[in-house]
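None of the figures in this text is laboratory data; all of them are computed from the coordinates on show. Worth saying up front: this structure is predicted, and the values here are computed from it rather than measured. Neighbour counts run over all protein chains shown; Cβ positions are idealised from the backbone, glycine included.
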Amino acid sequence: MVWGIGAAGINLYHRVHGGFTGRHWEFGVRSYSALIARRACYSSLNVLQKVTEIFHEAYGELRPRAPAPVMHVRFYPFVSINNTIRLRQGEIYARVSDLLEGAPENVLHAIAHILLAKLYRKPVDRAQSARYRRYIASHDISAKARLVRQMRGRKHIRSARGHHYHLEEIFDDLNRRFFHGLMGRPQLTWSRNHARRSLGHYDPAHNAIVISRVFDHPRVPRYAVEYILFHEMLHLKHPVKLRGSRRCVHSREFHEEEKLFPELERAQKFLRMV
Ligand SMILES: [Zn+2]
């Protein structure tokens, strides 16, 4: 089911997870430029306490007579502006995009209201959804401006050294741990933009491994970056037979060897969430 709130690029949608007893609602803006708006910020306990209070306030307004359930609210590094809520065993779990961490209180209140209204099947207040929409729209515009500046600024710079992770350092470490240090180092670069067309790819024409810049972020655990790079290193070791092909082909041996990565499951789980 898709919920439109009447602005380009903004959707409210509802998804029921298979095998999951509670209800899960999420709404967000899927926009490419939102990716670039990621700041290196972190939520202090104070901020989280404040946001949880805001959720309680919004709950009280929506359901004045019902006792408030336990609420777990946190900021979450979604790939785009995204907010989710679910009810599990009588407790509320809400995730607010970390892109909204610095948003004013009335915007956070609007988000809490929209999520809780959806969860409890109450009408969404127009003023609240308008407030959220306006904030996102302005946020989006400034993000676009930043994107343009950054693209121009680093037109020719493609580097293994990211803001948070250095691919050469990770490569050398993986090479030692899994390949007896025998793998010749290809060119390693973070992708030029934040598009997440793929996690990473090996480009045989340039003997280069390119990893999506989205993962050069403090919220991305090192084991996830290691796993993406390890996967691409296995492509070097198990070359695709078709010349010039960029297809991602995984043989049985490839999969067997991939299992040697100790945090495989954790990394794949993390990557499914982003
Ligand atoms: Zn692959």
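Across the range 167-273 the C-alpha pair distances fall into 5 Å bins from zero in the proportions 2, 12, 24, 26, 23, 11, 2, 0 percent.
Within a Cβ distance under 13 Å of HIS166, other residues only, what is the Lys/Arg minus Asp/Glu net charge?
-3
All other residues whose Cβ lies under 13 angstrom from that of PRO104 are scored, Lys and Arg at +1 and Asp and Glu at -1, for a net of +1. Net charge within 9 Å of HIS238 by Cβ-Cβ distance, Lys/Arg positive one each and Asp/Glu negative one each, not counting HIS238 itself? Counting the neighbours of HIS238, the net charge comes to -1.
When each of GLU253, GLU101 is scored by the number of other beta-carbon atoms lying within 10 Å, the sequence from fewest to most is GLU253, GLU101. For TYR76, TYR59, the sequence from fewest to most other C-beta atoms within 10 Å is TYR76, TYR59.
Going highest first, how would you order 228-235, 83-90, 111-118 by mean Cβ packing within 10 Å?
The most tightly packed comes first, giving 111-118, 228-235, 83-90.
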